[in-house]
Amino acid sequence: MLLELIDLMKGKLVFYQTKELTAEYISISMNNIHRHTNLNEISLQAALELCKHALKEGFKVSHIIADTVGDPGKYTNFLKTNLVEYAAIVKDITVQAKADRDHKVVSASSICAKVTRDRIIKQWVFR
C-alpha cells in the first residue's frame, strides 16, 4: 500500500528507481573466469549505478544515505571514490548498519525494493 502512495507521487514529489539483479546475473558475475566477485561487490556496483543514473539525470543528490553491505567505511570510500566527478553536488555520504531504522528515506527505499521484488516474483510464478 505504501508503494502505491509513493507511485502516485512519482515524478511530482518523489523519484525512485530499482535495479533487478537476476539469479542468472549474480551467478555469471560470481563465476566469471576473468574477474571473480561476491554478493557485496555486486550490491555496491548496483548502488553506484543507481546513484550515477540519478545524478546524470540531473537530480541534485546532495546526501546519499545507504544501509551497509559489509564494512561501512569501505562502502563510504567506494562511493566517494567512484562519485568523485559529482563531488560538487554530493556533499555527504552516510553508510550505516540498520539505516532503515534511523532514516525514513532508507525505509521507503527498502519498501520500494521489496515490493518491486515481490511483483517480479509474482509475475514469474504466475506465468
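All of the numbers you see were taken from the coordinates with simple rules; none came from a lab. Quick caveat: nothing in here was measured; it's all calculated off a predicted structure. All Cβ positions, even for glycine, are placed from backbone atoms using ideal geometry, and neighbour counts span all protein chains on display.
Compute the whole-percent fraction of alpha carbon pairs in the range 25-73 spaced more than 12 Å apart. Percent of Cα pairs beyond 12 Å in the range 25-73: 69. Treating each Cα of the range 17-127 as an identical point scatterer and summing with the Debye formula, the log10 of I(q)/I(0) at q = 0.10, 0.19, 0.20, 0.24 Å⁻¹ comes to -0.34, -1.14, -1.22, -1.44. Taking 19 Å as the straight-line reach from the Cα of LYS122, the lysines in range (excluding those fewer than 8 positions away in the same chain) are LYS19, LYS114. Only the Cβ atoms of Lys and Arg (+1) and of Asp and Glu (-1) were treated as charged; on that basis the dipole of the chain about its Cα centre amounts to roughly 180 debye.
By the count of neighbouring beta-carbon atoms within 10 Å, fewest first, ARG35, ARG119 end up ordered ARG35, ARG119. Ordering ARG117, ARG101 by the number of other Cβ atoms within 10 Å of each residue's own Cβ, fewest first, gives ARG101, ARG117. For the range 86-127, the average shadow cast by the Cα convex hull is 4.5 nm², which is a quarter of the hull's surface. Placing pseudo-labels 7 Å out from each Cα toward the beta carbon at LYS19 and TRP124 gives an inter-label distance of 1.8 nm.
Residue order for VAL125, VAL106, fewest other beta carbons within 10 angstrom first, comes to VAL125, VAL106.
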